[in-house]
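Here is the structure we will look at, set down as structure tokens.
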Amino acid sequence: MHSLHWTSRMISRALRSSFSTLLESATGAAASKGGEGALKSASPRPHFVSVVCGFAKDNLRHKYKPGKYGEDSWFKASTEQADVMGVADGVGGWRSYGIDPGEFSSFLMRTCERLVQCSHFNPQRPVNLLAYSYCELMEQKKPILGSSTACVLILNRETKTVHTANIGDSGFMVVRQGEVVHKSEEQQHYFNTPFQLSLPPPGHGPNVLSDSPESADTMSFPVEDGDVILIATDGVFDNVPEDLMLDVLRDVEGERDPVKLQMTANSLALMARTLSLNSEFLSPFALSARRNNIQARGGKPDDITVVLATVAM
């Protein structure tokens, strides 16, 4: 365990060094535009109206804890510069090794939430949040073992632009005027084996998939007043077909009442939960399995996390 700690610290320092370079270059570019921005006339600054809902796969094993649904974790944070949301899904296979998969995902999200409030936070670089959170995890004296997918989304209020970083099969979707205008793409090594951040126990390293934060798929795009943004774990995307999801999300375009938004998030999470337990439903997960020559039918029981937001200007 001692050698694991020192190896983790060495890898962490290398990652921290590379991402510090990225951070400094991005921050310098932003600073050079600061004076120009101050001269522009004031305009409405966008923000998120956001809510959360979810279910643990095994409600008997997992008691409710803030920021968690089973092995899924999530966070929301705000500053004067930005609104930030994220989800992470701990890889459940570690439980058979006596490792709690939820600890890894929870540490990532809690650390992201804290780093948003730090002076070096860059509202254009969600991958930095993942990178520095992962570095901190690897530097812990008591190793936090396991793996997790993750998706982080930042609304830069100044530029009215959303920046995303997604690693694995959690993801996001943006709906405008009844259509999906932006969405993440799954990152899979092979069927049902997503990209993931990992810290394996001693002796398991060569046999464990471990992707770097810089492997995350990143996107940037402008948003408009009334846009609906869903960020969720694979328990949602594996069980709810996109057309059904779109029917639900269309109804809250432009919605600024958090109560109505919460009702929609509840409905979507419950839909995912219900379909995951339906053994006859031909779910997106089952269809994907068949495309990989695996005969499957029914939903995929899993933890479910829905973070739902609308853009208000």
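Could you count how many residues in region 226-261 are among the polar types (S, T, N, Q) and either modelled with pLDDT under 95 or over 24 Å from Thr161 (Cα atoms) (or both)? It would help to see each step written out before you state the result.
First, pick out the residues of region 226-261 that are among the polar types (S, T, N, Q): 233, 239.
Now restrict to residues that are either modelled with pLDDT under 95 or over 24 Å from Thr161 (Cα atoms) (or both): 239.
Counting residues in region 226-261 that are among the polar types (S, T, N, Q) and either modelled with pLDDT under 95 or over 24 Å from Thr161 (Cα atoms) (or both) gives 1.
So that you can scan it fast, the table gives a plain yes or no per residue for (1) among the aromatic types (Phe, Trp, Tyr); (2) surrounded by fewer than 19 Cβ atoms within 10 Å (Cβ to Cβ); (3) more than 29 Å from Pro301 (Cα to Cα):
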position	(1), (2), (3)
Val84	no, no, no
Gly92	no, yes, no
Gly98	no, yes, no
Ser106	no, no, no
Val116	no, no, yes
Pro126	no, no, yes
Leu155	no, no, yes
Lys160	no, yes, yes
Asn166	no, no, no
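Residues checked against (1) touching a Lys or Arg at 6+ places or on another chain (Cβ under 9 Å); (2) modelled with pLDDT under 95; (3) open to solvent by 10 Å² or more (accessible area, probe 1.4 Å):
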{"site": "Ser133", "(1), (2), (3)": "yes, no, no"}
{"site": "Gln140", "(1), (2), (3)": "no, no, yes"}
{"site": "Gly171", "(1), (2), (3)": "yes, no, no"}
{"site": "Gln188", "(1), (2), (3)": "no, no, yes"}
{"site": "Thr193", "(1), (2), (3)": "no, no, yes"}
{"site": "Gly203", "(1), (2), (3)": "no, yes, yes"}
{"site": "Asn207", "(1), (2), (3)": "no, yes, yes"}
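Filter region 190-204 down to the residues that are within 18 Å of the chain's Cα centre (by Cα) and part of a strand (DSSP E or B), then identify the one that is farthest from Val152 (Cα to Cα). So, considering only residues that are within 18 Å of the chain's Cα centre (by Cα) and part of a strand (DSSP E or B), the one farthest from Val152 (Cα to Cα) is Thr193. Filtered by the rule that a residue be surrounded by fewer than 19 Cβ atoms within 10 Å (Cβ to Cβ) and farther than 30 Å from Thr159 by Cβ, region 289-313 gives Ala289, Arg290, Arg291, Asn292, Asn293, Ile294, Gln295, Ala296, Arg297, Gly298, Pro301.
Scanning region 249-261 for residues that are more than 23 Å from Asp238 (Cβ to Cβ) and either outside any loop (DSSP other than H, G, I, E, B) or open to solvent by less than 60 Å² (accessible area, probe 1.4 Å) (or both) gives Gly254, Glu255, Asp257, Pro258, Val259, Lys260, Leu261.
The values are calculated or read from the model by the stated rules, or taken from the named source; none is laboratory data. Owing to the predicted nature of the structure, the values given are computational and were not obtained by experimental measurement. A quick note on method: Cβ atoms are made from the backbone with ideal geometry, for glycine too, and the neighbour counts reach across all protein chains shown. Areas reflect the complete protein model, heavy atoms only, side chains present, ligands, DNA and RNA absent. Shrake-Rupley method; radii C 1.70, N 1.55, O 1.52, S 1.80 Å.
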